[in-house]
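Below is one structure, written out as structure tokens; comments come after it.
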């Protein structure tokens, strides 16, 4: 069965990163993956959280939120419910782990970089877009630390990007849009380096359990997808490491 | 003394409204006033707040928030402090009052329109931009109700737009950017209709008290400014009423 | 048409300030404006908020709240909703700005004065009464600092008082009681010094927009009202400055 | 050793109840016990909490709070800490139980009376004053229901009043002021009916444990105290039951 | 009338304390009183609350909570309501006072012991079980401080235990199970030392007021009950003091 | 290198499930996996969340929390921070998805089963233990619905159990205890059915990225582990489906 937007099963949506999207953040991009649009802003702060204070090491963390009308029906703001959305809590922890995986905390020094990922428009894959765009925002902020003479070199050990894959109409497909995602039988997210190694993986059987064979096919699809995303990232960052 | 961006005292910053900025909201614009950028999304909901339930009349309300890095230093999100920022509370009440002033609640019928104003980049005048852009988002949402056959005509009785004016270096100036705003002696905001009448006004002596004469000069400046903003709105909405 | 309590259009309600109303606060008054009654307590604290720490300068801030049954129907307490009422947030910011406008922060020195305004009974004009009474509480607390030998002179540069004015039955009237306020077409608040200058002004077209001419008439009414309030304040404070 | 205000050990402070203290509440008093002053406002609401809904029975509950500057040093408001003070939670549960003990819920019918006890000035014994004054506010609200023809007779089965007693300088004393309370070895509160029966009692060994004999002496003191308080209540309510 | 579990009126339920119930806490017990089961964990922390900082004295505090399904119907967690249960607030204050009454804060030194009482299964008397078990957890934590060479001797001046008593079917009974508690006319809790002195007492007339004579009978019952509980505690702690 | 407790790399810790651990819940177990101990209580409620109301279908959800002293240092309770721990939010979402994957919502009918997982003692693998034990609690609650005549058959389509696997000292190991977990290079969790299919998987490169080959070895280990867990579950549940 054909995908709603007629993509091949292993075809990604058009991805675009606009660097320096806002003017105040140390690093800022607008990433679009199809109709999904996320602003990723990186802030450098000289104060660090308690658990790294005095260690000489840095920290990278992330926050994730959707505008109320990023989705088809309006979501009340977290503050009006006085609760951080459970899904947002889960996603921002994932983004933080992904970006820390490629950061050399010794080289960063005792400072913190916070990546704010605010989803302006959602059409599936917002957590993956946040990681892929967040990496570039992080790189831009690090670049600024180098340009300002604070650091000698960019304290990143590699690239990181993320893509979804899933089983839909019993076929493995790459980079699910919302309509596909909401009917997928298996739904998975992959965070990978530019070398094709895995940083974090998740997979959920939404409609039925899945087999090892099915999952390894999704891993292969994801590898192709993230390789493409990393090439796009390098159009802005150049070669890293 | 010359203004930082060399504008004349009665000169507005370049204002631009991009309609249909996001795809899910019933009405959506991105408004830019100089470097200030606000996304205004209008949502139509069929359920209404308790105080109008059963009256057959509608309601318009607004929410205002800044992205953490809309400003020069990062602001923690409301949810991480568990408190709605006092300034945001004040501003969203102002936006709501302004938009209700031009809405015919009988004609709207028992439904609610929520205007979400999310500041992406701040450089002074975010509350005014939210009102000016929020009006167009509201109009677009009303237009959709008409196009969808829900309403016969757009239930708005006029246009509303807002601009700041202030006394800076002892001279009255129009449409203050952040740098001007932070050094102004008197700071005022004016919400006006396309007929040059006032819907809401505020004025604060930041550095010293001010006189009736000074304030009436600001009122005149504001009238010129909002007339221009209303003309820009009409490029999207056409003639109203 | 006659006002409900038969006042002339430019006539204020009876205003009375009871100094030293409670025994623990450094400055305390009960202010009555007609049936509106507010306790204003001033607390001197030696610790200051972060933004003035180390500057040698002081700070004045205010908190505003209503008892649950200050009004005709009971309002749930903020704590039972876990949210500061938006209206309270707006009003306490206004009171703080008004009182800071007449305080010499250098002369106050690195300490903070907090003005708690708790409305015991509401009948319109609670924000204005809070400012007018809050000023006297502030003065009493400053007087105590002088009497205790902490300061040489009272660090206030003038008086501040506030009154409402509005358009009701198409006539401009001064000092609106609740019943008038709830039917006013235009509703405005004016914070003024004893010299008749403006510190802060607000104005809202509740029923329809208003013109510059209408507003300037309200400004004139307010000037007369606040002059009277300042005379009453001086019965307690004597001449200031 | 003499008490700070030279009272005899079994002597109460001067107690005074001002009825109809505020104008909006169905029942309202200001109670003063020495320097302790509490506003008790009773609100009648036709909606009831879930656990009595549909039973035809009523409910009585209480809320207790102190103004920030009711005490010698300022207490931050609950809302600024987002937590109901633990002490307030404990006290308002006590007040509610005390007042429910003399209310005939069948006779009240399916409606709720909320007693708001707001401490304006604290000098020991605020929970007891809240109960003693709260009873009169409750009675006034019930009286109004009778006067309005809603109820046939006042749905109260008796009076309730409360007083503290304690051991101070190894002597049992009645009705402790703050300075006594803060140095008492044993501190107890007694809620009693006009017949000298106990509705609720509490006792704490602050400095050392205490014996049955000591406690029974305090019970006797309290009986004398509450009898006097009940006589004062009857000056307003007349004979009850 | 016979008690539901056929106990004599002055008969306690079977009480059992399992020491070292969890492996991480400095002191840990599982206490069972009939079907009521509470885990009491004592944590030693070197940091102290502000009011004892720098005094060289220590502090003991308690927290109390029920698992959602400790009771017959499920209670929502405090965090999902964002409010500490009022009953829990009241109980944890009681437990803290009880345990502080037998602690020598000078001898403890500037450190804090926190007793977490988590009710796993509730069948009446959870606050009393928390105190009786909490005492042993506190003792175990103090014992560890001695064994680790931090303190010379256990800084406790005596034992403390608690039991309920009440009037049920017009007869005084000891140690009420939930079914008895929910139908008791008078309900009281007694915190006592091993010497039979009272540390804290509470009593409530649930169904009707009560007399001094009735209460003193409950005090006598409670003395017998706590003496037995103290003997059980000593099976673990040995002689104290 | 040998594992701290000398297990073989593919050896599980001793797992034990005590059914009917608490008396009030419809389903209740205490599960121990080595030193990790979790109480899983299942509650059947007849009311359902809004998104299934009126559909005739049921819902299964989970809540996860740790006692403050389940861990080596004490964690403050969520309620004292007014925030649900981000890690808990993530874990309880995982548990809910896992249990829903084996529930036939049509067969369950319009009712909700809530699984409360409260960790009493933590030594690694608490989320996996919660799923494995939560399944049995869910089964017991369903069994009760059948025994009570509410349902004809148990509405579960299979078993679900979870285990961790990871790379530690460059070797793949099964079922990590806390000490292993905190030094693992790769850390993964697997939720599987009794048929060896995957319901949900997660994997994180803590120390370095990992390869597809490494991950598939962990998948194989997990299959062995969950097969053993499912056998243990069947000792209580018998054959399912």
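The values are calculated or read from the model by the stated rules, or taken from the named source; none is laboratory data. Bear in mind the structure is a predicted one, so any value in this text is a computation, not a measurement. Using ideal geometry, Cβ is built from the backbone for each residue, glycine included, and neighbour counts are taken over all protein chains shown.
Test residue C:207 against the criterion of being free of Cβ contacts under 8 Å to residues at least 40 places away in the same chain, outside any helix (DSSP H, G or I), on the phi > 0 side of the Ramachandran plot and within 13 Å of chain B (Cβ to nearest Cβ), and give yes or no. When the stated conditions are applied, residue C:207 does not pass them. Considering A:35, A:9, the condition of being within 13 Å of another protein chain (Cβ to nearest Cβ) and touching a residue at least 12 places away in the same chain (Cβ under 8 Å) is satisfied by A:35 alone. I'm trying to understand the selection: among the residues of the stretch D:41-52, which are more than 10 Å from chain C (Cβ to nearest Cβ) and either closer than 17 Å to residue D:100 by Cβ or under 21 Å from the mean Cα position of the chain (by Cα) (or both)? Within the stretch D:41-52, D:48, D:49, D:50, D:51, D:52 meet the criteria. The helices (runs of 4 or more DSSP H) found entirely in the stretch A:33-112 that carry 1 or more residues being more than 24 Å from residue B:114 (Cβ to Cβ) are A:86-100, A:105-108. Taken as a whole, the structure leaves residue C:25 outside the set of residues that are within 14 Å of another protein chain (Cβ to nearest Cβ), touching a residue at least 24 places away in the same chain (Cβ under 8 Å), outside any loop (DSSP other than H, G, I, E, B) and buried (at least 19 other Cβ atoms within 10 Å of the Cβ). As a summary of the residue check, residue B:199 satisfies the conditions (1) at the interface with chain C (Cβ under 7 Å from one of its Cβ atoms); (2) in a helix (DSSP H, G or I) except for the one numbered (2).
Within the stretch E:12-22, being assigned to a loop (DSSP other than H, G, I, E, B) and more than 9 Å from chain F (Cβ to nearest Cβ) holds for E:12, E:13, E:14, E:20. Regarding residue B:234, is this residue in contact with a strand residue (DSSP E or B) (Cβ under 8 Å, 6 or more places away or on another chain) and in a helix (DSSP H, G or I)? Spelling it out, it is not the case that residue B:234 is in contact with a strand residue (DSSP E or B) (Cβ under 8 Å, 6 or more places away or on another chain) and in a helix (DSSP H, G or I). Specify the residue that is farthest from the other protein chains (Cβ to nearest Cβ); the eligible residues are those in the stretch F:213-226 that are surrounded by fewer than 17 Cβ atoms within 10 Å (Cβ to Cβ) and in contact with a strand residue (DSSP E or B) (Cβ under 8 Å, 6 or more places away or on another chain). The selected residue is F:224.
Which one of these is surrounded by fewer than 22 Cβ atoms within 10 Å (Cβ to Cβ), over 22 Å from residue C:26 (Cα atoms) and either more than 9 Å from chain C (Cβ to nearest Cβ) or at pLDDT below 95 (or both): D:84, D:30? Answer to the selection: D:30.
Residue E:137 fulfils the conditions (1) buried (at least 18 other Cβ atoms within 10 Å of the Cβ); (2) within 24 Å of residue E:45 (Cβ to Cβ); (3) without any contact (Cβ under 8 Å) to a residue 24 or more places away in the chain except for a single criterion, (3).
Of all residues in the stretch A:62-72, those that are touching a strand residue (DSSP E or B) at 6+ places or on another chain (Cβ under 8 Å) and within 9 Å of chain B (Cβ to nearest Cβ) total 6. Any residue in the stretch F:153-166 that is more than 16 Å from the chain's Cα centre (by Cα) and within 15 Å of residue F:222 (Cβ to Cβ)? Scanning the stretch F:153-166 turns up at least one residue that is more than 16 Å from the chain's Cα centre (by Cα) and within 15 Å of residue F:222 (Cβ to Cβ).
No other residue among E:173, E:131 is in contact (Cβ under 8 Å) with a residue 24 or more places away in the chain, crowded, with 20+ Cβ neighbours inside 10 Å and part of a strand (DSSP E or B) apart from E:173. Among the residues examined, residue B:157 does not qualify as crowded, with 24+ Cβ neighbours inside 10 Å and either closer than 15 Å to residue B:99 by Cα or at pLDDT 95 or above (or both). Answer with yes or no whether residue B:41 is over 25 Å from residue B:174 (Cα atoms), crowded, with 22+ Cβ neighbours inside 10 Å and modelled with pLDDT of 95 or more. Yes: the conditions hold for residue B:41. When D:160, D:102 are checked against the criterion of being touching a helix residue (DSSP H, G or I) at 6+ places or on another chain (Cβ under 7 Å) and either over 30 Å from residue C:28 (Cβ atoms) or within 14 Å of another protein chain (Cβ to nearest Cβ) (or both), a single residue qualifies: D:160. It is to be established whether one or more residues within the stretch A:109-124 are away from every other protein chain (no Cβ under 13 Å), in contact (Cβ under 8 Å) with a residue 24 or more places away in the chain, closer than 21 Å to residue A:237 by Cα and within 15 Å of the chain's Cα centre (by Cα). No, the stretch A:109-124 contains no residue that is away from every other protein chain (no Cβ under 13 Å), in contact (Cβ under 8 Å) with a residue 24 or more places away in the chain, closer than 21 Å to residue A:237 by Cα and within 15 Å of the chain's Cα centre (by Cα). For the stretch C:178-195, state whether one or more residues are more than 30 Å from residue B:100 (Cα to Cα), more than 14 Å from chain B (Cβ to nearest Cβ) and assigned to a loop (DSSP other than H, G, I, E, B). No - not one qualifying residue is present in the stretch C:178-195.
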